[in-house]
Amino acid sequence: MKDIRTQFTALSDTTNLVYLDSAATALVPEIVLDAMSLYYKKYPANVHRGLYDMSIEATQQYEGARKSVAQFIGASPDEVVFTSGTTQGINMLAVALKKQLTSDDVIVLTRYEHHANLIPWQQLASEVGCELRFIDLILTGDEKYTVDMESARTCIDAQVKVVAYSAASHVLGTIAPIQEIQHLAKAVGAITVIDAAQAIAHMPLNVKEIDCDFLVFSGHKLYGPTGVGVLYGKKEHLEKLAPVSFGGGMVETVSYTSATWAKGPAKFEPGTPSIAAVIGLGAAVKFITSVGWKSICAHEKDIIQYAQDVLGNDTHIEVLGPTHDTDRIAVFSFCVSGIHAHDVAEICNRSHVAVRAGHHCAIPLLKYIGKESVVRASCGIYTSREDIERLATALTEAKRIFSVT
Amino acid sequence: MDDILYKEYILELYRDPLHKKNITHPTMHGKAVNQSCGDDITVMLLVDDTDRITDAGHQGVGCAISQAAVSLLIDWCIGKTIRELNELTQEHVVDMLGIHISYARKNCATLGYVALTQAIQLYERKNI
């Protein structure tokens with residue numbers, strides 16, 4: 001994985017950067033930048049309905065990206081809707097599913113959801129008047145910060161219509177027991193929505209094997225550009241769901257008084273899409289595939305073990321996440337005793353160690369685990385052991401300044 | 001050597017903030033939340049008949065910068081009139097800290113100030 005770093009300009013020797021904020025947004029490799037740049041330089045036309053070469057090329061590249069993404073998650077291309085990101089994808093679903101819910105129904109989430117997979121469902125629940133339930137986490141012992149399956153079994157009963165959960169927590173790093181949750185949800189006939197914003201860059205996710213109804217993610221956490229994301233939906237669902245926004249490109253027929261919708265993903269993609277970003281995302285998933293999940297996962301495991309050794313050996317650092325490497329991704333939130341997260345992050349930045357500090361768009365989770373704000377170091381395929389060492393050095397400096405001994 | 005940001009008096013105010021106490025039946029009180037970290041500060045002030053602040057306190061959690069800033073701010077407030085409080089700007093608060101505050105930390109430095117402005121607004125609305 002050493003050669004990987006050379007493909008990311010932001011990591012060039014001159015920057016001296018230790019980038020540990022991939023959970024917020026991952027760095028973008030040259031090959032993705034080139035694909036996007038090529039669009040603007042060589043065939044910067046709008047997609048669909050253009051009968052000239054440049055537009056045909058743009059359309060082929062755009063639809064080619066859809067095929068690449070579909071292949072990447074084991075879907076069929078007509079099940080892949082391009083969005084502006086995870087947030088838009090979940091909002092679209094929360095609006096589109098409203099017609100299927102009544103006040104007798106229940107929506108189930110977990111305690112660790114990002115605001116993006118919480119607030120849209122809160123809004124939906126309050127509009128419909130239905131109940132929201134939360135699957136607890138285990139908060140003590142060896143299994144601390146993993147999903148409490150007993151709670152999941154209690155939450156998911158016959159009243160439940162939607163189970164929406166993150167495949168991996170962006171704060172705790174916890175990997176959800178996907179198959180078990182799917183099994184419980186399917187048994188009661190609930191629709192499952194997987195927020196894969198974090199997980200997508202850390203583990204292979206095959207929608208057919210998982211058998212989820214919907215899965216959403218963003219391009220920019222997957223070494224792609226910002227402003228593009230994916231809403232996967234089983235074909236039967238996408239056919240049934242009504243569009244939630246309207247305009248050009250999503251219609252079959254239009255009169256002055258009514259319209260009918262286009263077939264397939266187009267129904268959910270009104271207006272000119274973010275063409276370059278979609279093409280960039282297509283290049284990003286090809287990039288991941290070329291690196292290969294086997295080496296990505298092996299590297300991830302090594303970084304997790306190393307980081308847990310380094311951070312776990314410091315009595316002043318409390319890592320907020322599962323201890324077993326099989327239960328987590330390489331996203332580490334932690335507290336340094338006696339030092340506020342913002343002060344830790346500020347001091348890290350002095351040695352070009354980029355970490356994030358705050359509530360990480362998970363205010364209810366932080367309250368739930370009894371924390372105010374936390375530091376998060378999140379890793380990508382370019383993260384090296386040296387990066388973790390430099391983080392540790394920066395933390396030592398923070399402790400020195402704050403006289404934490 | 002003193003750190004450029006975390007000077008000894010800043011760290012001292014973080015470890016042992018000034019006027020970190022509750023005021024029973026405050027004449028004015030206001031709260032502010034730092035949206036990026038969720039930290040919050042509540043300020044409470046006692047005002048006499050001549051509109052002068054006779055006592056003040058603050059509560060809440062925050063980083064070294066926000067705790068030092070609110071300490072100095074509340075300390076400054078005591079003995080001042082509401083009019084003087086109204087004339088205070090964010091820049092004054094940053095000046096009180098005596099350190100360079102980066103763009104990213106401005107919200108930390110001014111969290112107490114935002115709570116104070118909230119307190120003044122609520123008080124003045126009540127007294128119209």
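Which residues, taken from the range B:98-113, are in contact with a Leu (Cβ under 8 Å, 6 or more places away or on another chain) and within 14 Å of another protein chain (Cβ to nearest Cβ)?
If the condition is that a residue be in contact with a Leu (Cβ under 8 Å, 6 or more places away or on another chain) and within 14 Å of another protein chain (Cβ to nearest Cβ), then B:Ile99, B:His100, B:Ala109 are the ones that fit.
I'd like the residue in the range A:327-359 that is in a helix (DSSP H, G or I) and in contact with a strand residue (DSSP E or B) (Cβ under 7 Å, 6 or more places away or on another chain) and, out of all such residues, is surrounded by the fewest Cβ atoms within 10 Å (Cβ to Cβ).
Going through the range A:327-359, the residues in a helix (DSSP H, G or I) turn out to be A:327, A:341-350.
Filter once more, keeping what is in contact with a strand residue (DSSP E or B) (Cβ under 7 Å, 6 or more places away or on another chain): A:327, A:341-342, A:344-345.
Working: A:Asp327: 21, A:Ala341: 27, A:His342: 25, A:Val344: 27, A:Ala345: 26.
So, considering only residues that are in a helix (DSSP H, G or I) and in contact with a strand residue (DSSP E or B) (Cβ under 7 Å, 6 or more places away or on another chain), the one surrounded by the fewest Cβ atoms within 10 Å (Cβ to Cβ) is A:Asp327.
Read through the list (1) surrounded by fewer than 24 Cβ atoms within 10 Å (Cβ to Cβ); (2) under 22 Å from A:Leu93 (Cβ atoms); (3) touching a residue at least 60 places away in the same chain (Cβ under 8 Å), then give the number of the only condition that A:Thr146 fails.
The one condition A:Thr146 does not meet is (2).
Hey, any hits in the range A:58-80 for a residue that's of a type in the set (Gly, Ala, Ser) and more than 21 Å from the chain's Cα centre (by Cα)?
Looking only at the range A:58-80, we keep the residues that are of a type in the set (Gly, Ala, Ser), and these are A:58, A:64-65, A:68, A:70, A:74-76.
Now restrict to residues that are more than 21 Å from the chain's Cα centre (by Cα): A:58, A:64.
Yes, the range A:58-80 contains at least one residue that is of a type in the set (Gly, Ala, Ser) and more than 21 Å from the chain's Cα centre (by Cα).
Please go through the range B:68-127 and give me each residue that is within 23 Å of A:Ile339 (Cβ to Cβ), small (Gly, Ala, Ser) and surrounded by fewer than 21 Cβ atoms within 10 Å (Cβ to Cβ), ordered by number.
Listed by number, the residues that qualify are B:Gly98, B:Ser102, B:Ala104.
Among (1) under 10 Å from the mean Cα position of the chain (by Cα); (2) more than 25 Å from A:Lys399 (Cβ to Cβ); (3) of a type in the set (Val, Ile, Thr), where does B:Val70 come up short?
Result: B:Val70 fails condition (2) only.
Can you name every residue in the range A:226-284 that is over 27 Å from A:Ala26 (Cα atoms) and of a type in the set (A, V, I, L, M)?
Those that are over 27 Å from A:Ala26 (Cα atoms) and of a type in the set (A, V, I, L, M): A:Leu238, A:Leu241, A:Ala242, A:Val244, A:Met250, A:Val251, A:Val254, A:Ala259, A:Ala262, A:Ala266.
Would a scan of the range A:374-396 turn up a residue that is closer than 23 Å to A:Ala176 by Cα and either within 10 Å of another protein chain (Cβ to nearest Cβ) or surrounded by fewer than 19 Cβ atoms within 10 Å (Cβ to Cβ) (or both)?
Yes, because at least one residue in the range A:374-396 is closer than 23 Å to A:Ala176 by Cα and either within 10 Å of another protein chain (Cβ to nearest Cβ) or surrounded by fewer than 19 Cβ atoms within 10 Å (Cβ to Cβ) (or both).
For A:Lys267, indicate whether it is modelled with pLDDT of 95 or more, of a type in the set (D, E, K, R) and over 20 Å from the mean Cα position of the chain (by Cα).
Against the criterion (modelled with pLDDT of 95 or more, of a type in the set (D, E, K, R) and over 20 Å from the mean Cα position of the chain (by Cα)), A:Lys267 qualifies.
Any chance you could count how many residues in the range A:199-230 are farther than 26 Å from A:Tyr62 by Cβ and either among the charged types (D, E, K, R) or part of a loop (DSSP other than H, G, I, E, B) (or both)?
Residues meeting the conditions: 4.
Find all pairs meeting these conditions: Cβ atoms under 8 angstrom apart; at least six residues apart or on different chains; first residue within the range A:161-186 and acidic (Asp, Glu); second residue surrounded by fewer than 24 Cβ atoms within 10 Å (Cβ to Cβ).
Cβ pairs passing all conditions: A:Glu180/A:Met149; A:Glu180/A:Ala152.
In the range A:23-70, which residue that is closer than 16 Å to A:Val285 by Cβ and basic (Lys, Arg) is surrounded by the most Cβ atoms within 10 Å (Cβ to Cβ)?
A:Arg66
Can you go through A:Gly280, A:Gly233, A:Gly229 and tell me which one is surrounded by 20 or more Cβ atoms within 10 Å (Cβ to Cβ), in contact with a strand residue (DSSP E or B) (Cβ under 6 Å, 6 or more places away or on another chain) and more than 25 Å from A:Leu101 (Cα to Cα)?
Within the list A:Gly280, A:Gly233, A:Gly229, the selection yields A:Gly229.
Would you confirm whether or not the range A:38-55 contains a residue that is touching a residue at least 24 places away in the same chain (Cβ under 8 Å), of a type in the set (D, E, K, R) and not in a loop (DSSP other than H, G, I, E, B)?
Among the residues of the range A:38-55, not one is touching a residue at least 24 places away in the same chain (Cβ under 8 Å), of a type in the set (D, E, K, R) and not in a loop (DSSP other than H, G, I, E, B), which makes the answer no.
Can you report the number of residues in the range A:355-370 which are more than 12 Å from chain B (Cβ to nearest Cβ) and on the phi < 0 side of the Ramachandran plot? Break it down stepwise before answering.
Let us first name the residues in the range A:355-370 that are more than 12 Å from chain B (Cβ to nearest Cβ), namely A:355, A:368-370.
After this cut, where a residue has to be on the phi < 0 side of the Ramachandran plot as well, the list is A:355, A:368-369.
Result for the range A:355-370: 3.
Among the residues of the range A:52-69, is any hydroxyl-bearing (Ser, Thr, Tyr) and either over 28 Å from A:Lys234 (Cβ atoms) or assigned by TED's automatic domain parsing to the domain that holds A:His360 (or both)?
yes
Taking the options B:Ser102, B:Ser71, B:Ser66, name whichever one is small (Gly, Ala, Ser) and in contact with a Pro (Cβ under 6 Å, 6 or more places away or on another chain). Don't jump to the end; show me each part of the working.
Values: B:Ser102 fails: in contact with a Pro (Cβ under 6 Å, 6 or more places away or on another chain); B:Ser66 fails: in contact with a Pro (Cβ under 6 Å, 6 or more places away or on another chain).
Residue meeting the stated conditions: B:Ser71.
Among what's in the range A:360-370 and is part of a loop (DSSP other than H, G, I, E, B) and under 23 Å from A:Thr140 (Cβ atoms), pick the residue that is modelled with the lowest pLDDT.
Residue satisfying both the conditions and the ranking: A:His360.
The values are calculated or read from the model by the stated rules, or taken from the named source; none is laboratory data. Keep in mind it's a predicted model, so treat the numbers as computed, not measured. We place every Cβ from the backbone using ideal geometry, glycine too, and count neighbours over all the protein chains shown.
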